[in-house]
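What follows is calculated from the coordinates using simple rules that are stated; it is not laboratory data. As the structure is a computational prediction, the values presented were derived from the model and not from experiment. Positions of Cβ are generated from backbone atoms using ideal geometry, with glycine treated the same way; all protein chains shown enter the neighbour counts.
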Amino acid sequence: MKRLLVTGAAGGLGRAMRERLGKMADIVRLSDIADLGDAAPNEELMPCDLGDADAVMALVDGCDGILHLGGISVEDTFSKILNANIAGLYNLYEAAQAHGQPRILFASSNHTIGFYRQDEHIDATSPMRPDGLYGVSKCFGEALARMYYEKFGQETALVRIGSCFEKPRNHRMLATWMSFDDFEALIGRVFHAPLLGCPIIWGVSDNDCSWWDNSAAAYLGWRPKDNAEIFRAELDAAIPVPPKDDPASLYQGGPFVAEPIHRDC
Ligand code: NAI
Ligand code: 15L
């Protein structure tokens, strides 16, 4: 790939993947509203608010792949979610249309389906059950991407990330964790597969404890290798297992299901 655009590059996942992405493209264009630090030799920095349509149009120009990590990543007020995750997504897809339809990896979330219980097993065909405004914005993003695919052939990987951190931070993440290595391998498959389409992909490692069936996306050839189980003893020693009736133990979205609606005051 010649130029890969990474939005949200100053965030947790952007920082974790930054060095690894250098191997995937001649030039990596990094963007965020937050400070991006200094550019490495194969990087270019383009600060941009995703809610600014003209700026996003310029941002996408010249890119042949987009790793879309930018946006509000937890429950927040509707106005913030509206700007970054709703208007921002529309701006990105309009810009992609204008600039040759670069392939997109959209960082969607397990919060599109957070109200399923942890004793349920679901797949890409299971109806959405978002657990808050943030989850609803990711459902919107998936629907928007699907529409641009059906209407114009724009390819997107809809990656419903579970919990992508260095290691699981609580017992729920023994099921939802995706390692940085597995995410890097997934990004590679998404941008190098001969045909992508617009699949829903569960962004999760090969955990013993699993709720999500990825067989519909098997054609991509992504085989996650890590397993959160190796962290169980460490977690048991560090934090108590939450009670059985706690949302963290009951629902796939964990505590997000119990979050109030965050209102602008
Ligand atoms: P993060 O919150 O650390 O990073 C998001 C970045 O987007 C931030 O640097 C922020 O400044 C930027 N941003 C926010 N509003 C913006 C705007 N209007 N214009 C431009 N940039 C803006 O989140 P993280 O953990 O790095 O996640 C990256 C993506 O992956 C997010 O879209 C998140 O929803 C998604 N995701 C992450 C998961 C995880 O476990 N880390 C799980 C599921 C989804
Ligand atoms: C997400 O969608 C969030 O972006 C991330 O910060 C985690 O909370 C993750 O889901 C999770 O469910 O663990």
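Brief remarks on what is shown
- Label point of residue 128 set 7 angstrom out along Cα-Cβ; within the stretch 164-179, no amide nitrogen lies under 11 Å from it.
- Acute angle (nearest 10 degrees) that the helix 12-21 long axis makes with the longest principal axis of the chain, alpha-carbon atoms: 60
- The gain in end-to-end length when the residue 261 to residue 239 segment is fully stretched comes to 5.1 nm, 0.36 nm per residue minus the alpha carbon separation.
- Here the extension length gained between residue 218 and residue 15 equals 70.3 nm, from 0.36 nm per residue of separation less the Cα-Cα distance.
- The chain: angle of helix 133-152 to the longest principal axis, Cα-based, in degrees nearest 10: 50
- Within a Gaussian network of the chain (alpha carbon springs, distance under 10 Å), most fluctuating of 69, 195, 36: 195
- For residue 225, a cut-off of 23 angstrom between C-alpha atoms picks up these lysines, skipping any fewer than 8 places away in its own chain: 23, 167.
- Part-to-part distance (alpha-carbon centres) for the stretch 234-263 and the stretch 131-205, which is given in Å: 22
- Gain upon complete extension [residue 180, residue 147; 0.36 nm per residue less C-alpha separation]: 8.9 nm
- When the trypsin sites (Lys or Arg not before Pro) in the stretch 179-265 are filtered for DSSP coil states and for at most 12 other beta-carbon atoms within 10 Å of their beta-carbon, the remaining sites are 225, 244, 263.
- Between the Cα long axis of helix 88-98 and the first principal axis of the chain there is an angle of about 40°, rounded to the nearest 10.
- Point-charge dipole on Cβ atoms (K/R +1, D/E -1) for the stretch 124-265, about Cα centre, debye to 20: 340
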